[in-house]
Amino acid sequence: MTTIRRFCCNDLLRFASVNLDHLTETFNMSFYMTYLARWPDYFHVAEAPGNRIMGYIMGKVEGQGESWHGHVTAVTVSPEYRRQQLAKKLMNLLEDISDKIDKAYFVDLFVRASNTPAIKMYEKLGYVIYRRVLRYYSGEEDGLDMRKALSRDVEKKSIIPLKRPVTPDELEYD
Amino acid sequence: MGKAEEALSVCLNAKDQLYTNDSVLIDDLTLSTLQIVFQRLDHLDMATSCYEYACGKFPNSLELMMGLFNCYVREYSFVKQQQIAIKMYKVVGEERFLLWAVCSIQLQVFCGNGGEKLLLLAEGLLKKHIASHSLHEPEALSVYISLLERQSKFGDALEILAGKLGSLIMIEVDRLRLQGRLLARAGDYSAAADILQKVLELCPDDWEYFLHYLGCLLDDGSSFFLGNGGNSIYPPKHVGCKNLDLPDEVFDTRISRASVFVEKLMAECDNASIRSPHLANLEIQKRKLIYGKGDPGKLVEELMQYFSRFGHLACFTSDVEAFLLFLDDPNKSEVLEKLKGCELTSSSQTKALGQAITIFKVENLIGNMFSLPVCELEGLAVRMADMYCKNLPVSKDLDLQENMHGEELLSMACNVLVQLFWRTRNVGYLLESIMILEFGLTIRRYTWQYKILLLHLYSYWNCLPVAYDWYKSLDVKNILLETVSHHILPQMLASPLWSDLNDLLRDYLKFMDDHFRESADLTFLAYRHRNYSKVIEFVQFKERLQRSSQYLVAKIEAPILQLKQNANSIQEEECILESLKNGNHFVELSNEIGNKLLTFNEDLQLRPWWTPTFDKNYLLGPFEGVSYYPRENLIKQTEENVLKNIEKRSLLPRMIYLSIHCASSSLKEHTEANGSAFDPKLSLELKVLLERYARILGFPFQDAIELVLGVSSGQKPSEALSSDLIGWINFVVFLNAWNLNSREIGFSNNDKPRPSTWHLVNSLLKKYIIEKMRSTGPLLSSPGGDLPMLVQLVTEPLSWHSLIIQSSVRSSLPSGKKKKKGGVTEQANSHHSHEIQDSIQSLCDAIKEVTEWLSAQINKLDDVKFETIFSLLQVNGEGQGPGRILHMFENLISSVDNTALGDRISQALQSWDAVEVARKVGAGQSSVLSQFLRICESKIKSLQALRTHL
């Protein structure tokens, strides 16, 4: 019962039940709108009967050469609709667009090193920990950069884990 | 010179140089820098004129033209945007500039005052371009199709989609969705159904498109015409049954086709998380019933099937809500009985728990709980809490970040206890409902659903500081300020917590104003990245927020708060009024309100059942025994009330300003405090506003006067003003101020002497203040109550009246320039002086009573032993009454099994402290009272100081 469609501004007015979750950040308006203005294909919402918002994914595509990749900025599901593989559906959609439309090499995402449930979920979806980013979150907590190779990266070079952690200023993209 | 002025001066200098000195280099970098600074200084027009000048000088510079286009985007000058975009298109012939022009035309039609005919022009431009250059961007195609769709040229749109351009839409299912919609809108339902069937084959879980498909099968495409919900954030509810006169055999054939197709989808979907085809069976049964060919038993059967498959999911009840509510009462009861009769034999404990929760939810949804006897209802709450406790071990291995299994049980138990309180007025149930939520938050502190319930319960129990703390813990920021603030803002507006209210209003207004400032830049970003559909969306969204009713409320309440905070000093009040342009701007706002289509962006779905909208709280009234409350009707009423309130409150600053002036001229024949002549227009204007204010209160001016006089003299009951007490007393206060100057309301009426309007204000203020103080009662044992009303009486009408007194006193003070007058004038002045003294005395007496009452209440709360609070939780001899759940929690804690519950939950349980919660209730109430007491004391002080001047 998941109608997945492009996210639009009016959805910002209806996503409170998703965003009140303490792990879901409510960004400022220019952040959401920049994503909508630049990468509308990477911003999708899932709706249930009665037009209730179940969850959404926002991301982008960026990089050069073999670093051309899709990036998951946020993926979140309302408590009422958890444990139904919705995050997986949304992730698959973004991966599909990165792979088929934009011909990216991989998809990546950052996750708090302490967020074990999320890390486990991403691993189940085929993501591997590519590298650790020291004090990525507000200069305090480490982040993990997780990646999944797409069909264009035939040799799966993009996901060979780095041996040492990096600092946020070493990141090519944030 | 301030930095801003310095920056402006530098920019103006640069602008002059640009215009006068031909040798000055004009490049986009310089201009865009100027543009940024001018924008920050709120001088967009100057940036625009710089670019206009530069473009005139270098007419073919694309860079400059883009800069100018950007300026017009910032100014929302759609026509000029169109003109410069066309010019760019002519210079370089690029598709994107043509699309910029087309978007600008669409904006004129959708957001400006351009007629629909303009769309023909846009269409023509695109057609011509396509003929010679084709189209290359998917977004360009979607703009073209939306143009045609808007003009109902569905056939043309379909033709384009079927042609070469259609391949621009790379995702097949997106193309099919569009095609299906166009066919349906063109009325070709049969072809639409075929296409939509393909959509469902690709996306079998797409519920929205299943409804479209079923609609089209039954020759009804109305689901495609629903729009986006108008002024509310909720889309309109779709009834979806327009063609009820389909011949029987046609209906049968079509509905069987749907059934067969759904069967096929179910057979092909091996994914257990796909629910849509299963729910589709319920929809099919529902349609059959609507068309008079169904059997409610079948719908019940389908519901049970759906339960056996998805009953454990948290969303089961919201999935089937529309179907459950569609059934009649006996069928609803049948569902409930059948559900209760189900053996919950799920293989996993979590699934069985999920199913059990669902049954409770269904019972609640169909309104069954409202008809249960009190003892059964209490038993239900106990069972819910018991289930929560017993299932704690299931969540043993979950991370703190994850939702625990069965969390909803405590919310549900709380809802039942609140109902018990509403029915029995036993405060113990209210305390227990708070306790169980606090208990839940002790175990896992992130459950926002508990926090929302709690903040409403604490607000209702006059523990606003605690409510506000829970609200803050929700971390409401950015766009959530628009949709979630309604949980706390209305209570805060009527509270003495001025500093917190100030923070709330400031943060919210800043967020909105920042967005209005930056929105155009983001629109330009969408232009640049060729996402044209977002251009229109962004502009419409900004307009939607600008028309937000809550934004208007905050815009007017922020200055009213300032006026309240400074009402003890007329000088400070005058400075504030001056900064508000003496209230003129707000009068304009009030004038316009009738023509504005306001939006209501509050997400009301997260509110508890007992307060479904922010101006409705069932707990304030007696238990009505109703079982189902349709939200829609309430929302409509709330929206009307909000409009009326904005219209009325917007008049306040101006009325205060005019009242001060009228009062100041009352003693000295048309001379104001500063010696200048009083402008009689001010008095006339106040009369006009009073007439308007009375109309908003629902009465013609004269009738309103009669009413307040009637209540004051006791001829009319005091409830006559209760529909909007603060509004009425404000009216009386301003009426007196106007009458001080106009003296139109005589002191005698034939042979019956009439009291003066001074007396009218004194008597009504005193009457209602004392009345509300008495009806408030001790806070601990009288939740709800009239404390917010009492606070408003003192901080609004009484404060405005004190300003009128201050103005009168100030004008009575001898000033060197003025000559002493004698005779009749002096007598009149002396009479007024007495009136003022009496009024001061009357206000002081009233507030003194309040302060004494407040002090006594605070002392009582300080003396309250926790046992007193706990004594509210008394289980009677038959083992019934509030406190059973709390007792259950205590037993759980005393026998904690670390192995079964895990360290985290065990430790959390050990930290539970019911005494601390009880202390919090008392401290919260005491804090509200203390803050109110401080306000009252400062008012007495200021009034007493005035007396010494007389």
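The values are calculated or read from the model by the stated rules, or taken from the named source; none is laboratory data. Quick caveat, the model's predicted, so the values are computed rather than measured. Cβ: placed from backbone, ideal geometry, glycine included. Neighbour counts: every protein chain shown.
Annotations for the structure displayed:
- For A:MET91, the test of being hydrophobic (A, V, I, L, M, F, W, C), part of a helix (DSSP H, G or I) and away from every other protein chain (no Cβ under 13 Å) is passed.
- Taken over the range A:39-53, the criterion of being within 9 Å of chain B (Cβ to nearest Cβ) and more than 16 Å from the chain's Cα centre (by Cα) is satisfied by A:GLU47, A:ALA48, A:PRO49, A:GLY50, A:ASN51, A:ARG52.
- Enumeration of residues in the range B:522-546 that are in a helix (DSSP H, G or I), touching a residue at least 60 places away in the same chain (Cβ under 8 Å) and more than 19 Å from B:LYS477 (Cβ to Cβ): B:THR523, B:PHE524, B:TYR527, B:TYR532, B:SER533, B:VAL535, B:ILE536, B:VAL539, B:GLN540, B:GLU543
- Residues located in the range A:87-110, provided they are under 17 Å from A:TYR56 (Cβ atoms) and aliphatic (A, V, I, L, M): A:ALA87, A:LEU90, A:MET91, A:LEU93, A:LEU94, A:ILE97, A:VAL107, A:LEU109
- Some residue of the range B:310-323 being surrounded by 15 or more Cβ atoms within 10 Å (Cβ to Cβ), at negative phi, away from every other protein chain (no Cβ under 14 Å) and among the aliphatic types (A, V, I, L, M): no
- Matching residues in the range A:5-29 - criterion: being at the interface with chain B (Cβ under 9 Å from one of its Cβ atoms), closer than 16 Å to B:PRO235 by Cβ, not in a strand (DSSP E or B) and not aliphatic (A, V, I, L, M): A:CYS8, A:CYS9, A:ASN10, A:ARG14, A:PHE15, A:SER17
- Of the candidates B:LEU464, B:LEU454, B:LEU437, B:LEU431, the single residue that is of a type in the set (A, V, I, L, M, F, W, C) and within 14 Å of chain A (Cβ to nearest Cβ) is B:LEU454.
- Count of residues meeting criterion [surrounded by 10 or more Cβ atoms within 10 Å (Cβ to Cβ), over 20 Å from the mean Cα position of the chain (by Cα) and part of a helix (DSSP H, G or I)] in the range A:155-174: 2
- Close pairs (6 angstrom Cβ cut-off, 6 or more residues apart or separate chains): facing another protein chain (nearest Cβ under 10 Å) and in contact (Cβ under 8 Å) with a residue 24 or more places away in the chain in the range B:203-226, outside any loop (DSSP other than H, G, I, E, B) and of a type in the set (Gly, Ala, Ser) anywhere: B:ASP205/B:SER276; B:TRP207/B:SER276; B:PHE210/B:SER276; B:PHE210/B:ALA280; B:LEU211/B:SER223
- When B:ASP27, B:ASP22 are checked against the criterion of being acidic (Asp, Glu), closer than 25 Å to B:ALA520 by Cβ and at pLDDT below 85, a single residue qualifies: B:ASP27.
- Within the range B:227-254, considering residues that are within 14 Å of chain A (Cβ to nearest Cβ) and loosely packed, with under 13 Cβ neighbours inside 10 Å, the one modelled with the highest pLDDT: B:GLY230
- Selection count where residues are under 35 Å from the mean Cα position of the chain (by Cα) and at pLDDT below 95, scope the range B:847-866: 3
- For B:SER519, the criteria (1) among the hydroxyl-bearing types (Ser, Thr, Tyr); (2) in contact (Cβ under 8 Å) with a residue 12 or more places away in the chain; (3) away from chain A (no Cβ under 14 Å) hold in every case but one, which is (3).
- A:VAL107 fulfils the conditions (1) touching a residue at least 40 places away in the same chain (Cβ under 8 Å); (2) part of a strand (DSSP E or B); (3) within 14 Å of chain B (Cβ to nearest Cβ) except for a single criterion, (3).
- Single match in B:ILE869, B:ILE836 (criterion: surrounded by 12 or more Cβ atoms within 10 Å (Cβ to Cβ), at pLDDT 75 or above, over 19 Å from B:TRP461 (Cα atoms) and not charged (D, E, K, R)): B:ILE836
- If the condition is being surrounded by fewer than 20 Cβ atoms within 10 Å (Cβ to Cβ) and in contact with a Phe, Trp or Tyr (Cβ under 8 Å, 6 or more places away or on another chain), then the range B:293-309 contributes B:LYS293, B:TYR306.
- Residue in the range B:574-615 that is surrounded by the most Cβ atoms within 10 Å (Cβ to Cβ), counting only those that are of a type in the set (Phe, Trp, Tyr) and either assigned to a helix (DSSP H, G or I) or within 14 Å of chain A (Cβ to nearest Cβ) (or both): B:PHE586
- Residue that is within 14 Å of chain A (Cβ to nearest Cβ), without any contact (Cβ under 8 Å) to a residue 60 or more places away in the chain and either of a type in the set (Phe, Trp, Tyr) or under 23 Å from A:GLN84 (Cβ atoms) (or both), where the choices are B:MET266, B:MET304: B:MET266
- Checking every residue in the range A:84-99 against the condition of being among the basic types (Lys, Arg) and within 30 Å of B:LEU409 (Cα to Cα) gives at least one match.
Every residue, every condition in (1) out of contact with any strand residue (DSSP E or B) (no Cβ under 6 Å at 6 or more places or on another chain); (2) away from chain B (no Cβ under 11 Å); (3) in a helix (DSSP H, G or I); (4) buried (at least 23 other Cβ atoms within 10 Å of the Cβ), yes or no:
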{"position": "A:PHE31", "(1), (2), (3), (4)": "yes, no, yes, no"}
{"position": "A:THR34", "(1), (2), (3), (4)": "yes, no, yes, no"}
{"position": "A:ALA37", "(1), (2), (3), (4)": "yes, no, yes, yes"}
{"position": "A:TYR56", "(1), (2), (3), (4)": "no, yes, no, yes"}
{"position": "A:VAL61", "(1), (2), (3), (4)": "no, yes, no, no"}
{"position": "A:ALA74", "(1), (2), (3), (4)": "no, yes, no, no"}
{"position": "A:ARG83", "(1), (2), (3), (4)": "yes, no, no, no"}
{"position": "A:GLU95", "(1), (2), (3), (4)": "no, yes, yes, no"}
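- Conditions (1) more than 8 Å from every other protein chain (Cβ to nearest Cβ); (2) crowded, with 23+ Cβ neighbours inside 10 Å; (3) closer than 19 Å to A:LEU109 by Cβ; number of the one not met by A:SER78: (3)
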